[in-house]
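The values are calculated or read from the model by the stated rules, or taken from the named source; none is laboratory data. Source: prediction; values computed, not measured. Cβ atoms come from the backbone with ideal geometry, glycine included; neighbour counts cover every protein chain shown.
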């Protein structure tokens, strides 16, 4: 690449400056990606420091190469779309994000991790395109949002926590009625989502919403209920 640029008549000092500028952008991308990854790492979440940093740096490098290749094409007398290579970054990160999302027993986890990787990719593209102010501003906005929302989520969980429970009862109607009486005994908003046969028992999936202490009280009531054979969080 360096020899090709010099062969086009570009001074070696200019080529060296371009290479230093590229390294500077990669360094900035690693710092911004590392800031987001560090917050995730300290929170004990998947896709922490190394993953987020690598994705941000990779997006910056691909964007930078895309722009440079387009510039070489213009110098060589043919057209090249600078967005062609960079446009493939988003589908690529989509596969990684999809792998971070897990679905099971009515619960979906990993959406925040996938969204974080997507934002880190966008920041890397912005750095590679030279939009430094936008990249830094987005990083600060993401960190601020995460820190503020974490406190709000903790407050919200104390006042309005959503959980699923799976209770196994006998297939006799009386035991099912005992379960219904037990779930009506508190202040939670509870609804029955599904009832499935499991051997000689019925597995009843419950969706409950309300204060955290009410959830703990619900578990104690269900554990003491003679008609409930077992109960677990779904």
>> Under 7 Å between Cβ atoms, which residue pairs at least 6 apart in sequence (or on different chains) link something in segment 214-234 that is free of Cβ contacts under 8 Å to residues at least 40 places away in the same chain with a partner that is exposed (fewer than 15 other Cβ atoms within 10 Å of the Cβ)?
In response: 214/187; 221/185
> Are there any helices (runs of 4 or more DSSP H) wholly within segment 95-208 with 2 or more residues that are within 21 Å of the chain's Cα centre (by Cα) and modelled with pLDDT of 85 or more, and if so which?
Replying inline: 111-128, 132-159
> Which residue pairs have Cβ atoms closer than 8 Å, lie 6 or more positions apart in sequence or on different chains, and pair a first residue in segment 97-114 that is farther than 17 Å from residue 150 by Cα with a second residue that is exposed (fewer than 12 other Cβ atoms within 10 Å of the Cβ) and at pLDDT below 70?
Replying inline: 101/108; 102/108
> Just wondering, is there one or more residues in segment 1-13 that are modelled with pLDDT of 90 or more, assigned by TED's automatic domain parsing to the domain that holds residue 116, surrounded by fewer than 17 Cβ atoms within 10 Å (Cβ to Cβ) and in a helix (DSSP H, G or I)?
Replying inline: no
> Which of the following residues is loosely packed, with under 12 Cβ neighbours inside 10 Å and not assigned by TED's automatic domain parsing to the domain that holds residue 43: 221, 197, 207, 212?
Replying inline: 197
